[in-house]
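What follows is a single structure, written as structure tokens, with notes after it.
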Amino acid sequence: MHFTLNEEQRLIRDTVREFATQEVAATAAQRDETETFDRELMFDRLAQLGLTGILFPETYGGAGADYLSYALTVEELSRVCASTGVTLSAHVSLGANPINLFGTPQQKERYLRPLATGEKMGAFGLTEPSAGSDAGGTRTTAVRDGESWILNGSKNFITNGGEADIYVVFARTDPQARKHHGISAFLVEKGTPGFSFGKKEVKMGIRSSPTTELVFENCHIPLENLLGSESEGFKVAMKTLDGGRIGIAAQALGIAQGALDHAVAYARERRQFDQPIGNFQAITFALADMQTRVDAARMLVYRAAVQADSGSSYSREAAMAKLFASETAMDVTTRAVQIHGGYGYTREYPVERMMRDAKITEIYEGTSEIQRLVIGTALLRN
Ligand code: CAA
Ligand code: FAD
């Protein structure tokens, strides 16, 4: 498997890198501090660069690029601002991609096109207060009534919540069916009567990315907004998350690379005992371990992306990439803080923000324990 980037992939990576370092990085600390989502910078500018539809066919307003280009994009954004990385990842992988994978031509025209062009933003509502890792425990209900589905229930921890215009929402349509059976996927537009936003979370990291509750109270949506087949929603969710995990793995990789960049620069510049701290073997060895883990994570992330592009199943590869890259991000950012000493613990340097941001990558889109479950189960099955 080769990861030599082709001309298009290099161009996308370089364009995003330039945008990230020249525009996104400048306000990352301040947005983190004030918990500000800057839609113009974190979404509209991405749309102008053609990134909001990066994975989708040109016939629906997308860029028609591949998963590796998408991973490079999320990696480069997250290298300077993990909140911007997840805004794009949640929009592309979770909000728009299920429509790309399961939508009818009419749904793609109505919803995928404005999502791809960035006229609208997407989000994904699977998690509920009592159904997190156990996504099959969904309690939100959807009942068919004449020309509508009526949704009742709530979703929590939804990335892009409140900001997004189109939500992919999972609800139980067959109350008799057990566990993951009887769940269906729906497309819900912001502004639909009966659909509102509840609590906005105050978080440890990715503080510039909004995370909110979605509330459905007798929310009527048209029958044609069922996404995929009735009672097949759990598979819509799982297939969507396979791709989403590549996005979060790339986010984790970007965070780790960003922290490593800062650690190397600091080890060169900071002097103690009349010499740069990089001269001390303890620091050199730490940097060597960090670089090795980052490169190993990169290979797993790119492999999963290439596998996704190949058209064969990639659940296990995506889970491995997400597991390893997120644990790498936590390890590398923690060491980067250590290399910065007391300064690393202050908000004067970005590594403490990166350490706080890294933690979420071990939790969302399936915790590390759930990734191990997916990998181990696949291993024993084959
Ligand atoms: N693709 C297609 N089908 C799949 C699948 C996949 N990747 N994984 C499972 N399935 C199918 C199974 O084949 C099975 O099908 P049958 O009914 O035909 O047998 C069915 O789904 C149920 O599978 P399991 O028995 O394995 O299901 P489970 O209830 O044990 O749960 C799980 C499996 C992997 C733990 C799953 O519940 C899971 O992924 N949980 C984590 C939830 C999660 O990741 N949430 C993320 C929310 S989004 C987010 O966080 C956003 C963000 O970061 C920004
Ligand atoms: P729980 O499932 O209660 O897990 C608690 C602990 O138990 C964890 O350590 C877990 O690994 C462990 N555990 C649970 N089951 C098992 C098991 N079978 N084996 C071993 N260990 C287990 N969800 C969305 O739908 N859309 C979003 O956009 C979204 N964005 C998010 C953004 C943020 C900032 C956060 C914090 C969460 C987001 N989530 C989103 C939800 C996220 O996916 C869940 O938080 C995550 O899947 C874990 O669920 P939980 O929090 O209920 O933890």
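So the values come out like this:
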{"quantity": "Residue satisfying all of: in region 122-159; within 7 Å of ligand 2 (Cβ to nearest atom) and part of a loop (DSSP other than H, G, I, E, B); least open to solvent (accessible area, probe 1.4 Å) among these", "calculated": "L126"}
{"quantity": "E352 being at pLDDT 95 or above, over 20 Å from the mean Cα position of the chain (by Cα) and either farther than 19 Å from S209 by Cβ or open to solvent by less than 30 Å² (accessible area, probe 1.4 Å) (or both)", "calculated": "yes"}
{"quantity": "Any hit, region 195-218, residues being away from ligand 2 (no atom under 16 Å from the Cβ), surrounded by 15 or more Cβ atoms within 10 Å (Cβ to Cβ) and not hydroxyl-bearing (S, T, Y)", "calculated": "no"}
{"quantity": "Test for E163: is it open to solvent by less than 70 Å² (accessible area, probe 1.4 Å) and part of a loop (DSSP other than H, G, I, E, B)", "calculated": "yes"}
{"quantity": "Breaking point among (1) within 16 Å of ligand 2 (Cβ to nearest atom); (2) surrounded by fewer than 24 Cβ atoms within 10 Å (Cβ to Cβ), for R347", "calculated": "(1)"}
{"quantity": "F37, sole failed condition from (1) closer than 21 Å to T240 by Cα; (2) within 17 Å of the chain's Cα centre (by Cα); (3) open to solvent by 10 Å² or more (accessible area, probe 1.4 Å)", "calculated": "(1)"}
{"quantity": "Residue in region 315-325 that is more than 9 Å from ligand 1 (Cβ to nearest atom), touching a His at 6+ places or on another chain (Cβ under 8 Å) and either assigned to a loop (DSSP other than H, G, I, E, B) or open to solvent by less than 40 Å² (accessible area, probe 1.4 Å) (or both) present", "calculated": "no"}
{"quantity": "Within region 355-382, tally of residues that are away from ligand 2 (no atom under 13 Å from the Cβ), among the polar types (S, T, N, Q) and buried (at least 18 other Cβ atoms within 10 Å of the Cβ)", "calculated": "0"}
{"quantity": "Residue in region 174-193 that is surrounded by the most Cβ atoms within 10 Å (Cβ to Cβ), counting only those that are more than 25 Å from H91 (Cα to Cα) and touching a residue at least 12 places away in the same chain (Cβ under 8 Å)", "calculated": "G182"}
{"quantity": "Count - residues of region 106-118 that are surrounded by fewer than 24 Cβ atoms within 10 Å (Cβ to Cβ), touching a residue at least 40 places away in the same chain (Cβ under 8 Å) and under 24 Å from K155 (Cβ atoms)", "calculated": "4"}
{"quantity": "Qualifying residue in region 330-337 (condition: of a type in the set (G, A, S) and either touching a His at 6+ places or on another chain (Cβ under 7 Å) or farther than 19 Å from A237 by Cβ (or both))", "calculated": "yes"}
{"quantity": "A329, sole failed condition from (1) farther than 22 Å from P276 by Cβ; (2) touching a residue at least 24 places away in the same chain (Cβ under 8 Å); (3) surrounded by fewer than 23 Cβ atoms within 10 Å (Cβ to Cβ)", "calculated": "(3)"}
{"quantity": "Search result, residues across region 224-255 that are more than 16 Å from ligand 2 (Cβ to nearest atom) and within 18 Å of R144 (Cβ to Cβ)", "calculated": "E224, N225, L226, G228, S229, E230, S231, E232"}
{"quantity": "Hits in region 51-77 - residues which are more than 17 Å from the chain's Cα centre (by Cα) and closer than 24 Å to R298 by Cα", "calculated": "A63, G64, A65"}
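The values are calculated or read from the model by the stated rules, or taken from the named source; none is laboratory data. Since this is a predicted model, take the numbers as computed values, not measurements. Ideal geometry is used to build each Cβ from the backbone, glycine not excepted, and the neighbour counts take in all protein chains shown. In case anyone asks, the SASA skips ligands and DNA or RNA and just uses the protein heavy atoms, side chains included. Shrake-Rupley method; radii C 1.70, N 1.55, O 1.52, S 1.80 Å.
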